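**Q** Could you have a look at this structure, given as structure tokens, before my questions?
What follows is calculated from the coordinates using simple rules that are stated; it is not laboratory data. What you are looking at is a predicted structure, and each value in this text was computed from that prediction instead of being measured. Cβ coordinates were reconstructed from backbone atoms using ideal geometry, including for glycine residues, and neighbour counts include every protein chain displayed.
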Amino acid sequence: MVIDWLPSVLITTLLVLAVVGGVRRANLWRAGQPEKVNIVAGLLALPRRYLQDLHHVVERDKYMSRSHVATAGGFVLSMILVILVHVFGVSSQLLAGALLVSLVLMFVGALFIAKRRLHPPSRLSKGPWMRLPKSLLMFSLTFFVLTLPMADILPEGTGSWLLTLVLSIGIVLSLSEMLFGMTWGGPMKHAFAGALHLAFHRRPERFGGGRSTGLKPAVLGGDVHGVAKPSDFKWNQLLGFDACVQCGKCEAMCPAFAAGQPLNPKKLIQDMVVGLAGGTDANYAGSPYPAGKGDAKVLGNAKGGIDNVITAGLIDADTLWSCTTCRACVEECPMMIEHVDAIVDMRRFLTMEKGKTPNKGAEILENIIATDNPNGYAPASRTHWAADQNLPLMKQKQTAEVLFWVSDGAFDMRSQRILRAFVALMKAANVDVAILGDEELDCGDVARRLGDDATFQQLATRNLATLGKYKFSKIVTTDPHAYHCLRNEYGDFDVDGVLSKGGSGQGVEVLHHTTFLNQLVQQGLLKLSAFKGGKVTYHDPCYLGRYNGEYEAPRALLESLGIEIAEMERSAFRSRCCGGGGGAPITDIPGERRIADMRMEDITQTGAELVAVGCQQCTAMLEGVVEPRPVVKDIAEILLGQLIEEVH
Amino acid sequence: MPLNIVSLVSVGRHPQSGRARRAEQDSRAVELGLKLADTALTVLHVGNPDDPILRQYAGMGLPSLTVLKQEDSVDAVPVLQRFLEQKNIDIVLTGVRAESGESSGMVPYLLAHALGWPVVARVADIVAVKDGKAEVLLALPRGQRRAVSIQLPFIASMDHAAEAARQSAFAVGLRATVESVESVGEVDQIRVDWQESVAKIRPKRLKTVKAKTAAERFKAATAKPEGGTGKVMKNETPKEKARAIFDLLLEEKVIR
Ligand code: SF4
Ligand code: SF4
């Protein structure tokens, strides 16, 4: 290069600007609420979290994971070497050589990224994101040429004024994207915010193969309940929103989006970014919300600011109420962003501060408060379903091996068939079981997902008080929602250690009935004949699968009947919601299709005649699809059909 | 001048669980009160100012509630009367009857009698208040309405046809202030001496429908019951009217 000092000055200037931007951005996040985070441990854990946990998610898309490793790895390495070689002027042929190699690596990766952008799938955001691969290529090319002389491949001082000009422009443009854009809101922001988000994640338990799905308790009695304004989020939630790469994986998986309801998880996260940084959504370049009131689909109308109420101008409340809390987005998000937490946080504000739970929401909540069940049935009729079941009550027995948590299915005739089937199986296996009877209350799942955490906390505390009176070593339930609450959410209120210690001091095991039945089958306590019906598929309930990681037991049970499961394309962690979670059937936000119909299409495509489920809510949703359609049965019902009764 | 409206609220009782709740009709009285006076509405309760159920009313959007502090055994009517007399009130809204306690439905009448105001029973809506007069819609069976015009002040009891109460927001209820007002009350001795027991389910009178087609059945289900034996008495003396009621009660074996 003709002017030797120019590159280093340009690089340094952009580096300084990037640092300034970084501090400004960090201040935006700090407008959020305090949350304790172990900063040092988080930063130390960062490389492992990136290389293992995040990569594990990205790895599902092999093409993208390889391109990203090459590009990002190449860039980080190149950037360090660029600073050493071109800013500090360390003249080492070895370093220059390494820089050239890493730039080639990055160039190759960027080529693949550019290729994907030739015909980008609709889930990807366009706009500045279409520019990014070009910037990546420009960066690697520019510095490649710039470094050649230092590696002694070209003599020093090669080039004319023209080359100097071209290279300088290359440096400014590519570094503007890569450094300046990283902290001033360009596409590269994902690397900066993403890295910090991984380090300071609100659910560090998720790393290292762990699972953390229970909602965090709302603080009651403060100035605001739930999240009204972006500044009501925890600071690391704001940071998390900023980490989004707009890959749209969440959008592609979201059942509400597919149903044409006014929700797109990607847009929601981008709206949160608009909220935290201020401005409008005019620059958003992805798919809008599929529906919405008025001109909700037109970009530029949504306005946000850190202290503006989110549902007053930034997003419509219907967007929040469309979510089924299925966690498909969270499961799919390579940046490990927590959409559901944010959605429920904002719902809490709408319900507890505004009293604006849509449609049947208010009525259901009022029923839960006054009768401990969502439909307002007489609490004294809770055990009517078991009148002929000869099931002992905990009140009489005081102690039992298994406590059967019946759930509100007790009031519903279809669910009662599942309950009875499960009881028959337990009887056949001589399980020492008892129920709480009328002492059992709604688990609080619906209240919590509808944003009424006050009622949830009440129910949790009262249920725990009841459970604390008795001795048992397992709680088994046929309802994945109750299972999730008891297993993952009651802990926050279990001050007396009712579940963590239990009557025995060993802690109480909370199990879904499929897990428990599978144990019984493994132990040879249930004699089952082979299933002779037609093709069978299995629908993973969200609250069993993604929330609790139980994909195996239901499948093992079906296989124990000799069933070869005809898996749906979207199964296990990618299972599509039935539409019944998160209070969505209660808030009932209109769309173009029904989620349950779409799921039934998935089922029909396998050619199955029978779909096995493990949840009464899924059963209700799928059976609500018009016939002709495959038969819907809970696994307990299928097993009962194959039970070989022993004659004593 | 803004309207001075008071909604009277009591502690309700859920029909299935028997648990305390905001009473269905009383919360409609609050809803209508909020429509007419917004947060200038006075919501008044006689009883324990610490009752958590009051928060359920407050959650409808009230910054504060007024409670005339009294024991359960006290007759609410004279307490209310003394309080209402002191204020310059335009409309008092109540439920038709309480969900607990005596549930006699007499409070609006006794109160009106004591204050010398008119009562409008089973109101569906108060459409407008102008020049010291209110245009009121009364609820009649089968969705019919009767428009009446009434001089302020008056007492109105809320029908089920009135706008249902809005959702109660937990945090709003939590933040509301309860103004506890000391008052003098007399023990309702009759009430105290009562014994409560579970009601027996009354046998239903069978309605024999001789309809043959669906259309006829529909008509039978929706038509006004044409009481064959009933008669309209307009010009008779009160004594004759009372006699007719008495005879009917005897005939129906309500009294023996
Ligand atoms: S939220 Fe996650 S999955 Fe969705 S677009 Fe952003 S990074 Fe991708
Ligand atoms: S939880 Fe499910 S419904 Fe809600 S935004 Fe995520 S994918 Fe969509």
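**Q** Could you list B:ASP51, A:ASP271, A:ASP452 in order of exposure, starting from the residue whose Cβ has the fewest other Cβ atoms within 10 Å?
**A** Details: B:ASP51 14, A:ASP271 22, A:ASP452 31.
Ordered by Cβ neighbours within 10 Å, fewest first: B:ASP51, A:ASP271, A:ASP452.
**Q** Sort B:63-72, A:519-528, A:613-622 for me by packing, meaning the mean count of neighbouring Cβ atoms within 10 Å per residue, highest on top.
**A** A:613-622, B:63-72, A:519-528
**Q** Grab the other residues whose beta carbon is less than 11 angstrom from that of A:TRP184, score K and R as +1, D and E as -1, and report the net. Don't skip to the answer; put the middle values down first.
**A** On the way: positive: A:ARG24, A:ARG25, A:LYS189; negative: A:GLU177.
Local charge sum for A:TRP184: +2.
**Q** Another one. What is the mean number of Cβ atoms from other protein chains located within 10 Å of the Cβ atom of each residue in peptide B:158-167, rounded to a whole number? All intermediate terms of the calculation are to be shown ahead of the outcome.
**A** Numbers: counts 0, 0, 0, 0, 0, 0, 2, 2, 3, 12.
Rounded to a whole number, the mean comes out at 2.
**Q** Suppose only helical runs count, i.e. DSSP H with n ≥ 4. What mean residue ellipticity at 222 nm does that imply for chain B under -39500 (n - 2.57) per run, divided by all residues and rounded to the nearest 500 deg cm²/dmol? Intermediate values should be presented prior to the final figure.
**A** Values: 8 runs with 74 residues, N = 256.
My calculation for chain B gives -8000 deg cm²/dmol from helical runs alone.
**Q** State the Cα centre-to-centre distance between region A:365-386 and region B:46-80 in whole Å.
**A** Their Cα centres are 27 Å away from one another.
**Q** Along Cα→Cβ, 7 Å out, is where each label goes; now give me the distance between the ones at B:LYS241 and A:LYS501 in nm to one decimal.
**A** Distance between the two pseudo-spin positions: 7.2 nm.
**Q** What is the order of A:LYS266, A:LYS234, A:LYS474, fewest Cβ neighbours within 10 Å to most?
**A** On the way: A:LYS266 28, A:LYS234 21, A:LYS474 18.
Ascending number of Cβ neighbours within 10 Å: A:LYS474, A:LYS234, A:LYS266.
**Q** Exceeding 26 Å between C-alpha atoms, which entries from my cross-link table qualify? They are A:LYS532/A:LYS633; B:LYS130/B:LYS241; A:LYS360/B:LYS200; A:LYS36/A:LYS126.
**A** Numbers: A:LYS532/A:LYS633 15 Å; B:LYS130/B:LYS241 36 Å; A:LYS360/B:LYS200 33 Å; A:LYS36/A:LYS126 36 Å.
Cα-Cα > 26 Å for B:LYS130/B:LYS241; A:LYS360/B:LYS200; A:LYS36/A:LYS126; rest within.
**Q** Now, a different point. Once both labels are modelled 7 Å past Cα along the beta-carbon direction, what's the B:VAL127-A:GLN389 spacing in nm?
**A** 5.5 nm
**Q** Report the gain in length on full extension from B:THR39 to B:SER104: 0.36 nm times residue separation, minus Cα-Cα distance, nm rounded to one decimal. Present the calculation step by step, with values, prior to reporting the outcome.
**A** Details: separation 65, 0.36 × 65 = 23.40 nm, distance 2.99 nm.
Length gained between B:THR39 and B:SER104: 20.4 nm.
**Q** Do any GluC sites (Glu not before Pro) in region A:124-227 lie in a loop, going by DSSP, with at most 15 other beta-carbon atoms within 10 Å of their beta carbon, and if so which?
**A** Numbers: sites: A:GLU156, A:GLU177, A:GLU205; in loops: A:GLU156.
Loop-located and lightly packed - A:GLU156.
**Q** How far is the Cα center of region A:426-441 from the Cα center of region B:84-148, in Å?
**A** Result: 52 Å between the Cα centres.
**Q** To make sure I understand the rule: partners must be aspartates and glutamates, Cα under 15 Å from the Cα of A:LYS427, and not fewer than 8 residues away in the same chain. Which ones qualify?
**A** A:ASP388, A:GLU401, A:GLU637, A:GLU645, A:GLU646
**Q** May I ask you to list the lysines whose Cα is less than 17 Å away from that of B:LYS210, ignoring any residue fewer than eight positions away on the same chain?
**A** Cross-link targets: B:LYS219, B:LYS224.
**Q** Take A:THR399, project a point 7 Å from its Cα along the Cβ direction, then tell me which residues of region A:422-440 have their backbone nitrogen under 19 Å from it.
**A** Only A:431-436 fall inside the zone, counting backbone N under 19 Å.
**Q** Within region A:180-209, list the residues whose amide N lies under 13 Å from a label point set 7 Å along Cα→Cβ of A:PHE573.
**A** The answer is A:206-209.
**Q** Could you list A:ILE638, A:ILE644, A:ILE306 in order of exposure, starting from the residue whose Cβ has the fewest other Cβ atoms within 10 Å? Before the final figure, lay out the partial values.
**A** Numbers: A:ILE638 22, A:ILE644 9, A:ILE306 17.
Exposure proxy ranking, most exposed first: A:ILE644, A:ILE306, A:ILE638.
**Q** A further question follows. Would you mind counting up the charge near A:ALA26? Only other residues with Cβ under 13 Å from its Cβ, with Lys and Arg at +1 and Asp and Glu at -1.
**A** Values: positive: A:ARG24, A:ARG25, A:ARG30, A:LYS189; negative: A:ASP242.
Here the charged neighbours net out to +3.
**Q** OK, next. Once you've got the Cα coordinates, tell me which of A:LYS216/A:LYS297; A:LYS189/A:LYS297; A:LYS356/B:LYS69; A:LYS395/A:LYS474 are over 21 Å apart. Don't skip to the end; give the middle numbers.
**A** On the way: A:LYS216/A:LYS297 32 Å; A:LYS189/A:LYS297 26 Å; A:LYS356/B:LYS69 32 Å; A:LYS395/A:LYS474 17 Å.
Checking Cα-Cα distances, A:LYS216/A:LYS297; A:LYS189/A:LYS297; A:LYS356/B:LYS69 exceed 21 Å.
**Q** Among the trypsin sites (Lys or Arg not before Pro) in region B:92-180, which ones are in a DSSP loop with at most 12 other Cβ atoms within 10 Å of the Cβ? Mind listing them?
**A** Working: sites: B:ARG97, B:ARG122, B:LYS130, B:LYS133, B:ARG142, B:ARG145, B:ARG146, B:ARG166, B:ARG175; in loops: B:ARG97, B:ARG142, B:ARG166.
Here the sparse-neighbourhood loop sites are B:ARG142.
**Q** Roughly speaking, what is the centre-to-centre gap between region A:545-591 and region B:161-202 when only Cα atoms are used, to the nearest Å?
**A** One Cα centre to the other: 47 Å.
**Q** So, one more: At 7 Å along Cα-to-Cβ for each site, give me the label-to-label distance between A:ALA312 and B:VAL181 in nm.
**A** Taking the two extended label points, one gets 3.2 nm.
**Q** Let me ask something additional. Between A:GLU59 and A:GLU509, how high is the FRET efficiency from 1/(1 + (r/R0)^6) when r is the Cβ-Cβ distance and R₀ = 25 Å? Nearest 0.05.
**A** Numbers: r = 32 Å, r/R0 = 1.29.
FRET efficiency, A:GLU59 to A:GLU509: 0.20.
**Q** Please report, in debye to the nearest 20, how large the charge dipole of chain A is about its Cα centre when each Lys and Arg carries +1 at its beta carbon and each Asp and Glu carries -1 there. Spell out each step's value before the answer.
**A** Working: 64 positive and 65 negative charges, 245 e Å.
In debye, rounded to 20, chain A gives about 1180.
**Q** Let me ask something else about it. Go ahead and run the numbers for FRET between B:GLU135 and B:ARG256, Cβ-Cβ distance against an R0 of 45 Å, rounding to 0.05.
**A** Working: r = 45 Å, r/R0 = 1.00.
Step by step, r from the Cβ atoms, then E = 0.50.
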